[in-house]
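What follows is one structure encoded as structure tokens, with my remarks underneath.
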Amino acid sequence: YIEFAQEMHDKYISRLIYPESRALIEAHKRKGHTVAIISSALPYQVEPAADNLGVEHVLCSHLEVKNGKFTGTVRRPTCFGPGKVAAAESLAGKYGVKLEKSFFYSDSDDDIQLLNAVGKPRPLNPNRKLTAIAENKGWPIRRFASRGRAGVTDWLRAAAATSSVVTSFAAGLPIWALTGSRRRGLNFSASLFADTASALVGLNLKVHGEENLWSQRPAVFIFNHQSKADVIIMVSLLRRDIAAIGKKEIRNIPIIGRVFEMAGTVLIDRENASSAIEAMQPLVDVIQKEGKSVLIAPEGTRTVSPEIAPFKKGAFHLAMQAGVPIVPVVIHNALDSAPKGDFVFHPATVEVDVLEPIDTSHWRAETIDLHVAEVRSLFKRTLGQPEDTPGAGNAAVPVKRKKTARKAVSSSKATGSDTTPSATAARKTRAAATKPKAKRKGVTRARANAA
């Protein structure tokens, strides 16, 4: 059941999380606040979302389990109504904070007892009854709309952005024919696709370290893979003289798959390591003889949260064999544009850090694991995630720019000015962190509450 719950989260729940709510939680954490989800749902439903959001504390209802099987009995008290208040008081007592200095976020009047118990009640996307209560009590109301139901225009924009791969490639064919240069035609197509697709989906980039995109080429550019918007982002950054690696399933997409192959994308079988390594051998020639740079997502697939997944080694072997540097491209919030599982794109400003090129001339096959770990730590450090334990040996090029924390891209402030560490209060099973009203059979959604 735990595996099933994680699967449901990854397929359906994670993409419903509002970017504004994710930023709200991060804002509280930056202030040193204790953040928790307190829910009437079960841990199987709540904990995957808490892991996604980086929330350490989860207080919720429980079913009785004996010998690995549910007995059908609910453990008392449940985390609902007075039970939520008790859970919040317990958490506050444990960490020595006061509920009167705490924030609590909810979208339902079911949580009125806990909203009344804290000093800073914050209705988020409240239902009609809670809206009336909040207006009467003077509670500030916030409404997030970035994950509302997609309209016809959204679907048309997404379809147009996807198909612009084909139209942009077609637009470059006359240049290829007139100049006899396939490279010039592809460079024109890449640049046209980047601008067209970005305009269609409302994608804007805020880039730090842009000079590192051009300081050492050719190179192997690696990026963390959160979203299908990453393709648009990377092509927008590099613009020309690029080749890429993709999963073999792309070949099965009508027309688009063929266009990717004609554009020089190497399609590999991610499940077959030896086949993947063999398929990448021609890219060494692409780098050394044609002077092109290669784009690779070392995680191998899109993730459902900003957390960096384990890196595969192909990109690192390629850079080492071709004798070129690796350039890490750290994408902060592509999930705001198109989380995994969504067909439509959402207008977003995505922050990107292009780190300094990493020299691979001293690398050896027997130390490749160390280098992979070092580079992955760079990504985690830049994203503000806990780093892996560093190993001995040559360190990767450090990030010299002191990075400030990303602000939420939304019309609402993430949190108030209170800087007192406070405990969280909680609530039942839907929440401001997830899209209200969207229901999935057998899946209950957890609201994130911060204090």
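Just so it is clear, none of the values below were taken in a lab; they were calculated from the coordinates. Quantities reported herein were computed from a predicted structural model and do not represent experimental measurements. No Cβ is skipped: glycine too gets one built from the backbone with ideal geometry, and neighbour counts run over all protein chains shown.
Summarising the label geometry, the points placed 7 Å from Cα in the beta-carbon direction at Ala86 and Arg182 lie 7.2 nm from one another. Given a cut-off of 23 Å, name the pairs among Lys248/Lys340; Lys84/Lys340; Lys247/Lys313; Lys247/Lys292 whose C-alpha atoms lie farther apart than that in the structure shown. As for pairs spanning more than 23 Å Cα to Cα, those are Lys84/Lys340.
For Gln288 and Ala159 in the same chain, what is the full-extension length gain: residue separation times 0.36 nm, less their Cα-Cα distance, in nm? The partial results should precede the final answer.
Values: separation 129, 0.36 × 129 = 46.44 nm, distance 3.64 nm.
Result: 42.8 nm gained on full extension.
As a calculated quantity, the FRET efficiency between Thr167 and Tyr1 at R0 = 51 Å, using C-beta atoms, amounts to about 0.65. Approximating the spin labels as points 7 Å out from Cα along Cα→Cβ, the Ile250-to-His362 distance works out to 3.4 nm. Which chymotrypsin sites (Phe, Trp or Tyr not before Pro) from segment 193-259 combine a DSSP loop assignment with at most 14 other Cβ atoms within 10 Å? Within segment 193-259, the qualifying chymotrypsin sites (Phe, Trp or Tyr not before Pro) (loop, at most 14 other Cβ atoms within 10 Å) are Trp214.
Filter the trypsin sites (Lys or Arg not before Pro) in segment 108-149 down to the DSSP loop ones having no more than 11 other Cβ atoms within 10 Å, then list what survives. Walk me through the intermediate numbers first.
Numbers: sites: Arg128, Lys129, Lys137, Arg142, Arg143, Arg147, Arg149; in loops: Arg143, Arg147, Arg149.
Passing both the DSSP loop test and the Cβ count: Arg149.
If you stretched the chain out fully between Arg143 and Arg240, how much longer would it get, using 0.36 nm times the residue separation minus the C-alpha to C-alpha distance? Between Arg143 and Arg240, full extension yields an extra 30.8 nm.
Close amide H contacts of Val266 (hydrogens built in the peptide plane, cut-off under 5 Å, sequence separation of 5 or more or a different chain): Ala244, Ile245, Gly246.
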